[in-house]
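What follows is one structure encoded as structure tokens, with my remarks underneath.
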């Protein structure tokens, strides 16, 4: 932990360093300083100082021949630890595999991250369809099935915060591009127990999604089955809802037992069971 002291020069410095890390990662390829500077809110000297500190700490790697920055191996180790310890992916994997084999369609597992959808795992269909989502990608919550399925089960304060983080950009003619429309849809989702994406994020892409909940109703994530309008109807896709709901319930039970124990009424935490 001592290596990070160089980054803690003042309030918010770690947050700014994390912003730089995210900026580098967003390019999805090694990136030059000039490219980062062009899209950065930081002055040239400040950006360079952050890049140097992050490189010295192994959070970024620098290629002197190409003069490019990329995520470092220390960051990879931390990301792997987070994926193993904090995401639903390791717990959900066998359930996702079985659901994908049974349906032959694309299956997604997602969690909420700062009001946005973080795809933590994906199983491809027997006939893959090109779409935005990939494991590790971040997508909008207000116009995706998994995003709406998760937001529908947030408590009032958490929902207000998540809604304030939505852009409400209109991706298609069917996008729910206002808070009022989205809140109405979330009421429907809570009543019926599942969400849909009817070409709201991408033309031709439809999905049904169910929340992954603890027994106490706390939202842990969501799973979805996604298809293409070119080869299936919405009615055909919705026929899988009962199966998706059962799988979501199974993941919730498993996750609560092994990774996300509920708080006891007296405030003490349940002891995690060892795997």
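Every number here is computed from the coordinates shown, using simple stated rules; none is lab data. Keep in mind it's a predicted model, so treat the numbers as computed, not measured. In this analysis, Cβ positions are derived from the backbone assuming ideal geometry, glycine residues included, and neighbour counts consider all displayed protein chains.
Can you compute the FRET efficiency between residue 155 and residue 67 using 1/(1 + (r/R0)^6), with r the Cβ-Cβ distance and R0 = 45 Å? Round to the nearest 0.05.
Efficiency at R0 = 45 Å is approximately 0.40.
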What whole-number value in cubic angstrom gives the convex hull volume per residue for the C-alpha atoms of the stretch 87-258?
103
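Could you calculate the FRET efficiency of residue 138 with residue 76 from 1/(1 + (r/R0)^6), where r is the beta carbon distance between them and R0 is 22 Å, rounded to 0.05?
Details: r = 18 Å, r/R0 = 0.82.
For R0 = 22 Å, the calculated efficiency reads 0.75.
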What is the order of 69, 153, fewest Cβ neighbours within 10 Å to most?
153, 69
Residue-span extension gain [residue 192 to residue 214] - 0.36 nm each, minus C-alpha spacing:
6.1 nm
Evaluate the distance, in nm, between pseudo-label points positioned 7 Å from the Cα of residue 184 and of residue 48 along their respective Cα→Cβ axes.
5.5
Can you put 197, 65 in order, fewest other beta carbons within 10 Å first?
65, 197
Neighbour counts of other C-beta atoms within 10 Å: give me 37, 237 arranged from fewest to most.
37, 237
Bin all alpha-carbon pair distances of the stretch 2-74 at 5 Å intervals from 0 and give each bin's fraction as a whole percent.
3, 17, 31, 29, 14, 5, 1
